[in-house]
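Chemist: Starting off with a structure, shown below.
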């Protein structure tokens, strides 16, 4: 069965970006002129996803508004002759069929995925963490979906990390089976450098079959009552093959302040209207460690 659906968990509190996220959802923070969550929606759509369920909370209505048509804005842009901007704005609601699914309280990534069970039904599906922005020649999710087409079993994205990254991400023990494909043998959530299996981490993109929901129901709750997706993946490994894909491209952790700055600068450098001016600015600063 072809993968047609995806879930984007976006109900978190965004505490790492306070006070900016006190009223504004972290997913609506803009990298240049596009909110973070739109990058994930565009990646999913560019990978062939038709329907996206966004897991949200009561305080994030503005996120829904962003993806709705805006006749008033369209009228103003038409009057002013801003046809290119009009095309861009009108294209946002057409990216995919979007549904918004309420998570009553933030109980971990696994719980957020579990909220999408009825939306997914009995189909294989993708999960995209909107905090992670990928800039790849082939969309990161499409790289996973291509491996799923061959293996017909869960597939997760892998990336190389440093010692600090072992404190932030799930780290895998894996056996390489081809150039960029690994069989995942074990996974540990934020183990730290002393206990990390390797320098390969799970970085926010997944393809699952519906049995992940049963795994999420069965695993014990972690600290603060949270359900961890990593624990469910670990339980799947006991009964079936799980594969990881070492992605090709570049990744930005936009849920981290420095990663957000890095994404902003690098995406600006890719824009012709900003590149030369930004390079000139950076060069003029004569940056040196003091």
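The values are calculated or read from the model by the stated rules, or taken from the named source; none is laboratory data. Note that the structure is a prediction, hence the values are computed from the model and not measured. Quick reminder, even Gly has a Cβ in these numbers, built from the backbone with ideal geometry, and neighbours come from all protein chains shown.
Chemist: Looking at (1) farther than 16 Å from residue 170 by Cα; (2) touching a helix residue (DSSP H, G or I) at 6+ places or on another chain (Cβ under 8 Å); (3) surrounded by 14 or more Cβ atoms within 10 Å (Cβ to Cβ); (4) without any contact (Cβ under 8 Å) to a residue 24 or more places away in the chain, which one does residue 275 not meet, given that it meets all the others?
Modeler: (3)
Chemist: Which of (1) modelled with pLDDT under 95; (2) surrounded by fewer than 16 Cβ atoms within 10 Å (Cβ to Cβ); (3) part of a helix (DSSP H, G or I); (4) in contact with a strand residue (DSSP E or B) (Cβ under 8 Å, 6 or more places away or on another chain) does residue 231 not meet, given it meets every other one?
Modeler: Answer for residue 231: the failing condition is (2).
Chemist: Could I ask something else about it? So for the range 148-162 (the condition being buried (at least 17 other Cβ atoms within 10 Å of the Cβ), within 22 Å of the chain's Cα centre (by Cα) and over 25 Å from residue 43 (Cβ atoms)), does at least one residue qualify?
Modeler: Within the range 148-162, not a single residue is buried (at least 17 other Cβ atoms within 10 Å of the Cβ), within 22 Å of the chain's Cα centre (by Cα) and over 25 Å from residue 43 (Cβ atoms).
Chemist: Quickly run through the range 1-27 and pick out the residues that are in contact with a helix residue (DSSP H, G or I) (Cβ under 6 Å, 6 or more places away or on another chain) and assigned to a helix (DSSP H, G or I).
Modeler: 17, 26, 27
Chemist: Looking at (1) touching a helix residue (DSSP H, G or I) at 6+ places or on another chain (Cβ under 9 Å); (2) free of Cβ contacts under 8 Å to residues at least 12 places away in the same chain, which one does residue 176 not meet, given that it meets all the others?
Modeler: Answer for residue 176: the failing condition is (1).
Chemist: On the basis of being over 20 Å from residue 107 (Cα atoms) and in contact with a helix residue (DSSP H, G or I) (Cβ under 7 Å, 6 or more places away or on another chain), does residue 51 make the cut?
Modeler: It is false that residue 51 is over 20 Å from residue 107 (Cα atoms) and in contact with a helix residue (DSSP H, G or I) (Cβ under 7 Å, 6 or more places away or on another chain).
Chemist: Next question, about the same structure. Before we move on, is residue 39 touching a helix residue (DSSP H, G or I) at 6+ places or on another chain (Cβ under 6 Å) and either modelled with pLDDT of 95 or more or not in a helix (DSSP H, G or I) (or both)?
Modeler: In short, no.
Chemist: When you check residue 136 against the structure, is it within 16 Å of residue 252 (Cα to Cα), touching a helix residue (DSSP H, G or I) at 6+ places or on another chain (Cβ under 8 Å) and either surrounded by fewer than 23 Cβ atoms within 10 Å (Cβ to Cβ) or free of Cβ contacts under 8 Å to residues at least 12 places away in the same chain (or both), yes or no?
Modeler: Working: within 16 Å of residue 252 (Cα to Cα): yes; touching a helix residue (DSSP H, G or I) at 6+ places or on another chain (Cβ under 8 Å): yes; either surrounded by fewer than 23 Cβ atoms within 10 Å (Cβ to Cβ) or free of Cβ contacts under 8 Å to residues at least 12 places away in the same chain (or both): yes.
When the stated conditions are applied, residue 136 passes them.
Chemist: I would also like to ask the following. Name the residues in the range 57-70 that are touching a helix residue (DSSP H, G or I) at 6+ places or on another chain (Cβ under 8 Å) and either closer than 15 Å to residue 95 by Cβ or modelled with pLDDT of 95 or more (or both), would you?
Modeler: 63, 66, 67, 68, 69, 70
Chemist: So which residues in the range 22-57 are more than 23 Å from residue 85 (Cβ to Cβ) and crowded, with 18+ Cβ neighbours inside 10 Å?
Modeler: Passing the criteria: 25, 26, 44, 47, 49, 52, 53, 54, 55, 56, 57.
Chemist: Could I ask something else about it? Filter the range 235-290 for residues that are in a helix (DSSP H, G or I) and touching a strand residue (DSSP E or B) at 6+ places or on another chain (Cβ under 8 Å) and give the result.
Modeler: In the first step, residues of the range 235-290 are kept if they are in a helix (DSSP H, G or I); the result is 235-237, 257-269, 272-284.
237, 259, 260, 262, 263, 264, 266, 267 - these are the residues of the range 235-290 that are in a helix (DSSP H, G or I) and touching a strand residue (DSSP E or B) at 6+ places or on another chain (Cβ under 8 Å).
Chemist: Shifting gears a bit: What number goes with the only condition from (1) under 13 Å from residue 234 (Cβ atoms); (2) modelled with pLDDT of 95 or more that residue 197 does not pass?
Modeler: Every condition holds for residue 197 apart from (2).
Chemist: Within the range 182-203, can one find any residue that is in contact (Cβ under 8 Å) with a residue 60 or more places away in the chain and exposed (fewer than 14 other Cβ atoms within 10 Å of the Cβ)?
Modeler: Within the range 182-203, none of the residues are in contact (Cβ under 8 Å) with a residue 60 or more places away in the chain and exposed (fewer than 14 other Cβ atoms within 10 Å of the Cβ).
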